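First comes the structure, then the notes that go with it.
The values are calculated or read from the model by the stated rules, or taken from the named source; none is laboratory data. On a predicted model such as this, the values are computed, not experimentally measured, just so you know. When we count neighbours, we look across all protein chains shown, and the Cβ atoms used for this are built from the backbone with ideal geometry, even at glycine.
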Amino acid sequence: MKKKTDVRQGTLALMVLKTLDVLGPLHGYGLAKRIEQISADHLTLNTGTLYPLLLRLEQEGAIASERGPSENNRSARFYRLTAVGRKQLQAETRAWERTAALIARFFDVKAEDLQ
Amino acid sequence: MRCLRRFLIRLAASATGRRDDERLREELEDHIAFQTAENVRAGMSAAEARRQAVLDVGPVEAIKEDFRDEKRLPSLEHFLQDVRIALRRMKQAPGFTAAAVATLALGLGLNSAVLGLAYAEFLKPLPVDDPSRLVNVGRLFTGDARRGFPISYPEYIYYRDHARSFAHLAAHYSTSPMSIITPGGPFNVMGSVVTADYFGLLRLQPAMGRFFLPEEDAVPGRNPVVVLSYDLWRTRFGADGGILGTSVRINGTAFTVVGIAPEGFHGVLMGLEPNGVWIPSAMFAVGYRYCNGLARGCNVIGLLGRLNDGVSIQDAQAEMNVLTGQLQSMFPATDNRGWGIELRPARGIRIDEQQRDAPIVRLLAGAAALVLIIASANVAGLMLARGLRRRKEIAIRLALGAVRGRVIRLLLVESVLLAVVGGGAGFLVSVWGTGVLRGYFGQGGVASTLDLSLDLRVVLAGIAVAALTGVVTGISPALQSTRPDTMGAMKEESAGGGTRRSRLRENLLVLQVALSVLLLGSSGLLVRSFFLLHRGPGFDPDAIALVRLRPSLVGYTDARAWAFQREVIQRLEALPGIAAASPAVVAPLPRWGRPVRAVRLAADSGNPSDEFRTATTFVGPRYFKTLGTGLIVGREFDDHDTEDGPRVAIVNEALARRLWPKGDVVGSHVTIGPERYEIVGLVKDLQWLSAFEAPEPIAYLNYWQQDRSNSWSQDSRTHIRVSGAAAAAMVPEIRRVITEIDPDVPVSEVQVLGRQLDVQFAAVRGAGTMFVVFGGLALVLSAIGLYAALAFAIGQRTREIAVRMALGASRLDVGRLVFRRGSGIFAIGAVTGLAACLFAGPLLAHLLYGVSPRDPVALLTGPLVLGLVAVLAIWLPARRAMRLDPVAALRAE
C-alpha cells in the first residue's frame, strides 16, 4: 500500500472541504475522482483513507451526509459542507496561505539578500 | 469544541456497542459500482471491470478496521475488553481473588484511616466560607521554633490598627472554662472571648438573633452579652425560640443572650473541646483571671486574620515583622527579644498540638505504609505464582500475535482491578480504623471538634494509592510472565527457566519478612509501654477523684478563696465513702508542660554541689494518704503545720539520694530562697511530673504555707481518695457538696484521675492499638506469603523432587532441601528486620514508657512468634514434598 503515498497528514481534509465548497454535494467516489482530477492526477486517493476521513469530518460536524439518487440511477451517499465546515475551511485556508507565503520567502531567499 | 463533539459521538458509538459496518459496506459497494461503470466505459469487459474496481479499492477488512477505529473509541473498547477478561479471571479463581482483595483491603484501609487523621490534624480548613484566606497569627520563639504562643490584647490593637494586609484581624481566647448557671442547673463549657469582628471575619450568619455590635466590645465590663452555640442552645436550652434577651449566669456574672451561632460552628480551634459560648473581649475579666486580659504583658489571646485579596501570606508576614519590630522598640520591657510573630494558614488543629501529634502521626503513617508494602509484596508474590501457572495462556496470546504491550496491559488491568476492589473493601476497614483513631485523638473521647469525617480529597487520595498499588504489584509479574520465551513456555516445561522468577519471589519474601519483623519489633516496644502505662504511675489513678475549684473566677479574695477551699475539704472528708481529701496546685502528670516551680535549693552541709535547682510543688495535709502511696519514713503535713509556723517539706528518694546519701533525711533542713525548711517526710519516687521520664528530684511543700496571693493557689485541684468502689461513682456527690457551699464557684474537671490520664496518654494508646493491629497483620500476611510461596515452589519442582527420589534421595533429604530454602529466606529477612528495629527504636523513644528502645524482650517477642509461624508455614509444604510418590508424580507429567 505504501506506493500510494499521497498527501500530507491533514491536507486531505482541507482538499475535501474545498472540493465540496466549490462543487457542492458529492458522493464518495465522485469526490475521489474530482480530487484526483484537480491534482492533475498527481494524487491517487486510497479508499481506506478517504472513507474513515469522511466519517471523521462528519463526526466533527464539518460535513453532513444523506443518501440520494446519483447520475446513473443508483442511490449513493452525498456529502455536503455545513456552516461549521465552511468556517473551518476559511480558517484553514488562511493558515495555509500564511504558511505557504512564509515558506516561499525562505525558498526565495538568496545569500546577497541578507547582506 | 470540535474534538469534544467528535469524542462524544464516538463514545456514544462505543457505548451502544453495535458492530455496525452497514454504512461502510454500502459506501464501498457504491464506490465499486461507480468504478466498474467507469471501467466499462473505458472499454473493459464487465467481469474485468469489476475485478479491477475491487482491486482498486484494496483490502476491505483493513479498511473496515480503520473505519471502525474512526467511528468508535478503540482504546476505550480495548480497555473494557481487558476489564471483562480480568473480571472473568477473578471469578475463575475465587480463592486467589478473595485473598488478594482482603490483603489489599487491610493495607489500603489502614492507610486511608491514617491519611484521614493526617488530613484532619494538619490540613483541614475551617468549616467557614473561603477558609483559604484565613491565617493564624501567633508568637514564635525564634530560639527553638516553638510556635503558636498567645500575645497580648494591646499588641493585637496595634496590629489591627496598622496592618494593611488584612480585611479583618480578630482576637480570641478560645479555651476559657465557663461555668454556666441556668434554671435547669449548672454546667461547664469551653467558652471563647472574642473581639466583635470575629464572626464577620468568619462570614458567619447567626442561626437566630445577632452577633456582637462594635460598641458592645468597646468599654470593659459594660456589655455582658453572649452568643450561644447551636448545639448548646439545643441541648441545654431545649432549642427555646424565646431565648433571645434572657439572662444566663456565666462565671458568676449575668449575661444577656443576643444570638445563636450557626449549626456546626464550634469555634476556630479544631481538635479541642467545642466552644459553647462566646462573649465579647470587653468582658475578658469573666473568662480569664490570672492577669488582666486586656493589659499589656498578659499574653493570652490568639489572632485570626482574613487576608485581603491579592495579599499573599508572605506579604502579610513581612508587614507583621515590621510592626513587631516597632512594638519591640516601643515596649522593650514587655516584648521580649527572641520572640517573633508568625503567620500560618488556618488549617488543622491548634499549632502546638500539631507539633505534639506530628511525630505520632508520622509514625502511624510509616507503619501503615509498611503494612501496605507487605500486603503489596504478598499480592505481587501471589500474582507471580499465578503468572507462572498462566505462562501457557500468555504464550498462546503472544504466539497468536498479541503485542507484548497489550498483554502487559491486560495483566496490569487485572492487578489494578484487584487493587481497586481491595480499596473499596478497604473503605470498610478505614471506617473502623477511623473510629479507633477518633477515640484516641479527639481529646481521648471528650467531645472534640476534631473532624475525621470522610473528605473527598482523602477519598481521592485513597483511590490514587489503590491504583498505584495495583500498578506496583502488577508490573513486575506482568513483565516477567510476558518475556518473549514463547516456545519454552508452550512446552509444558515447569522446572527450567523459572530461576529468575523464583529469585524475584524470594526477594519479595525476604522483604516481607524483614518489614514484618520491623513492625513486630516496634509494636512490641509500644505494647510493652502500653502495659506499663496500664500498671500506672505508682498509685491507682482510678481510686482518686479530682475537682478543680476556681473561686477567683467569681471574684473571691484570696482569704475567702482559702476559707472556701478549707470548707470544701472538711465537708468532703466528712462524707461516708471518702477516705481523704487534700488540695494541690496541680494534678500529677500535668497535661500541659510542667507547671511546677524549679527553685534553687541548698542543704545545710554548705557543700556547693548541694545547691542546685529542683522541682517543687505544693500539696496539702494527707496528700500521700490520698494518693495511696504513703511515706517511707516521717510524717505527712498535718493540721499543726500552720500558715505562719515553721516551714516543712517532704522529699522524694531521688532528692534524698542526692543530698543525704547516708540517710538521716527526716529532721534535716534545706534552704529555698530566704526560708529554711525542715524535712518531715520521705516518699517513694513517683511517676509524678512526667510519665515518660525517670522520676527526678522533687520537694513537696505545704500547700497552706505558700504565698496566698499566688493565683494558682486559689484555683487548686483538690484530690479526693474514695474508699471501696471506683471514684467515678462519687463524682455527682462531690459536685453536690461543693455547690451547696457556693453555687456560683465554677467547679470543673470533676473527674477521676485515671480518666484524666487516659486523655493524656490517648495518643500513645492510639498508636499502641494501631501498632498491635499493624503487627498482627504483618504476622499473618508474612506467614501466608511464606506458606504460599513455598507450597507453590514445591508444586513447580514436583518433577525434580520425584527424580531425586527415584535416584535414591531419602524423604529426609527432600524435607531438608525444602526446609533449608524456607529457613534461609526467613533468616535473612529476620536479621535485616532486627537491624532495622535497632535504627527505628530511637524514633519511637518519645512514645515509650518505661521501656528502653533496645529492650530485647519487647523487640524479640514478635519476631519469635513470627519464627514459629514460619516454621509451620515451611513444615506443611516440606511434609507434602516428603510424602510425594515419585512414580505417580513422574507419570503425571
Please work out if residue B:35 is within 14 Å of chain A (Cβ to nearest Cβ), surrounded by 12 or more Cβ atoms within 10 Å (Cβ to Cβ) and at pLDDT 80 or above. yes
Filter result for the condition that a residue is of a type in the set (Asp, Glu), free of Cβ contacts under 8 Å to residues at least 12 places away in the same chain and assigned to a helix (DSSP H, G or I), over B:77, B:48: B:48
For residue B:626: the one exception among (1) part of a strand (DSSP E or B); (2) β-branched (Val, Ile, Thr); (3) more than 23 Å from residue B:613 (Cβ to Cβ): (1)
Can you tell me which of B:43, B:116, B:109, B:95 is in a loop (DSSP other than H, G, I, E, B) and either of a type in the set (Phe, Trp, Tyr) or away from chain A (no Cβ under 11 Å) (or both)? B:43
Selected residue [more than 24 Å from residue B:768 (Cβ to Cβ), modelled with pLDDT under 75 and surrounded by 22 or more Cβ atoms within 10 Å (Cβ to Cβ)] from B:501, B:505: B:505
Go through the residues of the range B:802-821 one by one and say whether even a single one is basic (Lys, Arg) and assigned to a loop (DSSP other than H, G, I, E, B). no
Being of a type in the set (A, V, I, L, M), assigned to a helix (DSSP H, G or I), within 14 Å of chain A (Cβ to nearest Cβ) and surrounded by fewer than 16 Cβ atoms within 10 Å (Cβ to Cβ) is true for just one of B:24, B:11, B:87. Which residue is that? B:11
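Residue by residue, here is whether (1) at pLDDT 85 or above; (2) out of contact with any helix residue (DSSP H, G or I) (no Cβ under 8 Å at 6 or more places or on another chain); (3) not in a helix (DSSP H, G or I) holds:
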| site | (1), (2), (3) |
| --- | --- |
| B:850 | no, no, yes |
| B:853 | no, no, yes |
| B:858 | no, no, no |
| B:864 | yes, yes, no |
| B:868 | yes, yes, no |
| B:872 | no, no, no |
| B:879 | no, no, no |
| B:888 | no, yes, no |
Can you tell me which residue within the range A:80-95, out of those that are within 11 Å of another protein chain (Cβ to nearest Cβ) and touching a residue at least 60 places away in the same chain (Cβ under 8 Å), is farthest from residue B:37 (Cα to Cα)? A:88
For the range B:62-80, enumerate the residues that are more than 10 Å from chain A (Cβ to nearest Cβ) and under 21 Å from residue A:50 (Cβ atoms). B:72, B:74
Residue in the range A:80-115 that is nearest to residue A:17 (Cα to Cα), counting only those that are assigned to a loop (DSSP other than H, G, I, E, B) and more than 15 Å from the chain's Cα centre (by Cα): A:109
Just to be sure, is residue A:103 modelled with pLDDT of 85 or more and more than 14 Å from chain B (Cβ to nearest Cβ)? yes
Among (1) among the basic types (Lys, Arg); (2) more than 12 Å from chain A (Cβ to nearest Cβ); (3) under 59 Å from the mean Cα position of the chain (by Cα), there is one condition residue B:51 misses while meeting the rest; what is its number? (3)
Output the qualifying pairs, or none if there are none: Cβ atoms under 7 angstrom, residues six or more apart or on different chains, first residue in the range B:782-810 and touching a residue at least 24 places away in the same chain (Cβ under 8 Å) and assigned by TED's automatic domain parsing to the domain that holds residue B:887, second residue surrounded by fewer than 16 Cβ atoms within 10 Å (Cβ to Cβ) and of a type in the set (Asp, Glu). B:799/B:893
Report yes if some residue within the range B:367-387 is closer than 30 Å to residue B:294 by Cα and modelled with pLDDT under 80; otherwise report no. no
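Residue-wise test of (1) outside the structural domain of residue B:464 (by TED's automatic domain parsing); (2) under 35 Å from the mean Cα position of the chain (by Cα); (3) small (Gly, Ala, Ser); (4) outside any helix (DSSP H, G or I).
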{"residue": "B:408", "(1), (2), (3), (4)": "no, no, no, no"}
{"residue": "B:418", "(1), (2), (3), (4)": "no, yes, no, no"}
{"residue": "B:422", "(1), (2), (3), (4)": "no, yes, yes, no"}
{"residue": "B:438", "(1), (2), (3), (4)": "no, yes, no, no"}
Could you grab me the full set of residues in the range B:259-296 that are in contact with a helix residue (DSSP H, G or I) (Cβ under 8 Å, 6 or more places away or on another chain), more than 25 Å from residue B:344 (Cα to Cα) and modelled with pLDDT of 90 or more? B:260, B:261, B:262, B:263, B:276, B:277, B:279, B:282, B:284
How do the pairs read when you match residues in the range B:293-306 that are touching a residue at least 60 places away in the same chain (Cβ under 8 Å) with residues anywhere that are among the charged types (D, E, K, R), using Cβ under 6 Å and keeping only pairs 6 or more apart or on different chains? B:306/B:133
Which residues, counting only those in the range A:64-79, are more than 7 Å from every other protein chain (Cβ to nearest Cβ) and either touching a Ser or Thr at 6+ places or on another chain (Cβ under 6 Å) or more than 18 Å from residue A:18 (Cα to Cα) (or both)? A:64, A:66, A:67, A:68, A:69, A:70, A:71, A:73, A:75, A:79
The range B:539-581, residues that are within 42 Å of the chain's Cα centre (by Cα), of a type in the set (D, E, K, R) and surrounded by fewer than 21 Cβ atoms within 10 Å (Cβ to Cβ): B:540, B:542, B:548
